[in-house]
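Data block below; observations after.
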Amino acid sequence: MSARERHETIWQAVPRGLEPSDFAVRSRFLLEHVRAGDRVLDVGCGEGRFTAELARAGASVVGIDVAEEPLDRARELDPGLDLRLVDGEGPWELADASFDVVWAGEVIEHVLDTAAWLSEVRRVLRSGGSLLLSTPAHGRVRLLGLALSRRAFALHFDPLGDHLRFYSRETLTRLIGDFGFERLEVRSVGGFPWARRLALLRAIRSRY
């Protein structure tokens, strides 16, 4: 099964119109760092909820996804959005340095070839542009909680699940820094430490 087929299958099982997890928290974080007129790429845009928020805030936004199903849903909700299907296993048909901001909300943990994906993110982002992303946080307390419950561990690290990567603040910071980003800021938000927590990252594409 190709990456596109896999993602189409996943999306076919997702009910229409679900609010993205932590939507309010992630929207506030995103809009804190985007100005009207910014050229923004929404990577893994899904049904376009964040794409639409960015457009309402005055950004010039393009939403991309590797599956057609969520893009069809997004077009039904807002026909005016610029939404594009991209290859999940190859380069994106987007020009170099064509965006001021790249937003990837709950995407990086699903990526099979992280190095190729981050290379594309860096390529389409202008020098000095911002990478904004969110991903589930796996700090020590969270991992301890999972280790103490066989059931929770099995559910969380389901070998057939669509989460392929699991990041802590340290591993996420090191990874993004290795791909030519600087001035990294990561903060964790969420409920109790043993419940779902979210890592929010902002980084600047280096000029070299």
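Does residue 58 satisfy being loosely packed, with under 14 Cβ neighbours inside 10 Å and not acidic (Asp, Glu)?
Against the criterion (loosely packed, with under 14 Cβ neighbours inside 10 Å and not acidic (Asp, Glu)), residue 58 qualifies.
Considering only residues of region 119-147 that are more than 14 Å from residue 207 (Cα to Cα) and assigned to a strand (DSSP E or B), which is modelled with the lowest pLDDT? Looking at the filtered set, the residue picked out is 137.
Being acidic (Asp, Glu) and more than 17 Å from residue 6 (Cα to Cα) is the filter here, so list the residues in region 73-98 that pass it. Matches in region 73-98: 76, 78, 82, 93, 96. For the residues 50, 23, the requirement of being crowded, with 16+ Cβ neighbours inside 10 Å and touching a residue at least 24 places away in the same chain (Cβ under 8 Å) singles out 50.
Note on region 78-94: residues that are touching a helix residue (DSSP H, G or I) at 6+ places or on another chain (Cβ under 7 Å) and either of a type outside the set (Asp, Glu) or buried (at least 18 other Cβ atoms within 10 Å of the Cβ) (or both) total 7. Looking only at region 182-191, decide whether some residue is exposed (fewer than 15 other Cβ atoms within 10 Å of the Cβ), over 23 Å from residue 66 (Cα atoms) and at pLDDT below 80. Looking for residues that are exposed (fewer than 15 other Cβ atoms within 10 Å of the Cβ), over 23 Å from residue 66 (Cα atoms) and at pLDDT below 80, one finds at least one in region 182-191, hence yes.
The values are calculated or read from the model by the stated rules, or taken from the named source; none is laboratory data. The shown structure was predicted, so the numbers you read here are calculated from the model rather than taken from an experiment. Counting neighbours? That spans all protein chains shown, and the Cβs are built from the backbone with ideal geometry, glycine included.
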